[in-house]
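The values are calculated or read from the model by the stated rules, or taken from the named source; none is laboratory data. These numbers come from a predicted model, not from an experiment. All Cβ positions, glycine included, derive from the backbone under ideal geometry; neighbour counts span all protein chains shown.
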Amino acid sequence: MESKGYSPREMMAIMAAREIKDGDIVFAGTGISMLAATAAKNINAPNSVIFFETGAIDSLVEELPLAVADPRVMYYSASNAGLLEAFATLQNRITGDRVIAILGAAQIDRYGNLNTTAIGDYHRPRIRFSGSGGGVPWPLLSPDALLSCSMKNGNSSKNWIILPAPDS
C-alpha cells in the first residue's frame with residue numbers, strides 16, 4: 001500500500017485549520033485543536049489570535065505544547081490571564097462573535113455528549129485526559145465550534161472533524 005504522506009490526525013488538524021479565517025479569535029484545546037490553531041496562524045490566518053483556557057492569549061507558539069497548561073503556551077503571550085478571563089472572552093460583546101472554539105473529544109455518545117475527562121471508572125480511570133476544562137462551555141458559548149474525534153469500533157477506525165453548520 002502506498003503511503004499518503006500524512007496521517008488521519010494530521011488531516012483532521014488541517015481540515016480544522018482551513019475553517020479558521022484571518023482575524024478569528026481561536027479558543028484552542030489540547031492536541032489536534034492546538035495543532036489546527038497553530039497551522040492556521042502559520043498558513044492561512046496569520047492575524048488570528050490563539051488563546052487557551054489557561055489564560056494565555058496570542059502566544060508565540062514556536063513548538064507545539066503538550067497541553068493547555070504547558071508553559072510553552074505562555075511564551076511571548078500578549079496577555080497571561082486565567083481561566084475566568086479566558087471564558088469571559090467567549091461571552092464578551094466585542095470579541096464573542098468572532099471566536100471559534102476547537103475541541104477534541106475522546107468519546108461521543110449517540111446523544112452528542114462529549115467525554116473529555118476519562119475512560120473507565122471516573123475515580124479509577126484506565127486513562128485520564130489532560131483536558132476537560134472547556135468540554136461544556138466552549139460549544140455553548142462560542143458562535144462557531146469545531147470538534148475532532150477518532151472513533152474505533154472493533155478493528156475499524158474512523159477519524160472525524162465535525163464542522164459547524166452553514167449559516168441559514
### Query
Is one or more of the residues making up segment 114-132 touching a helix residue (DSSP H, G or I) at 6+ places or on another chain (Cβ under 9 Å), at pLDDT below 75 and farther than 21 Å from Met12 by Cβ?
no
### Task
Please verify whether segment 5-17 includes one or more residues that are farther than 23 Å from Phe129 by Cβ, surrounded by fewer than 19 Cβ atoms within 10 Å (Cβ to Cβ) and acidic (Asp, Glu).
no
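Would you pick out the residues in segment 26-75 that are of a type in the set (Ser, Thr, Tyr) and in contact with a helix residue (DSSP H, G or I) (Cβ under 7 Å, 6 or more places away or on another chain)? Let's see the steps before the verdict.
Filtering segment 26-75 down to residues of a type in the set (Ser, Thr, Tyr) leaves 30, 33, 38, 48, 54, 59, 75.
Those that are of a type in the set (Ser, Thr, Tyr) and in contact with a helix residue (DSSP H, G or I) (Cβ under 7 Å, 6 or more places away or on another chain): Ser48, Thr54, Ser59.
So is Ser3 at pLDDT below 90, of a type outside the set (Asp, Glu) and more than 17 Å from Thr95 (Cα to Cα) or not? I'd like the intermediate steps shown before the answer.
On the way: at pLDDT below 90: yes; of a type outside the set (Asp, Glu): yes; more than 17 Å from Thr95 (Cα to Cα): yes.
Yes: the conditions hold for Ser3.
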### Task
State all residues of segment 80-95 that are surrounded by fewer than 16 Cβ atoms within 10 Å (Cβ to Cβ) and within 18 Å of Ala40 (Cβ to Cβ); if no residue qualifies, say none.
Thr95
### Task
State all residues of segment 63-79 that are under 14 Å from the mean Cα position of the chain (by Cα), within 16 Å of Lys41 (Cβ to Cβ) and surrounded by fewer than 16 Cβ atoms within 10 Å (Cβ to Cβ); if no residue qualifies, say none.
Leu64
### Query
For Val136, are the conditions met, namely being within 25 Å of Arg9 (Cβ to Cβ) and at pLDDT 75 or above?
no
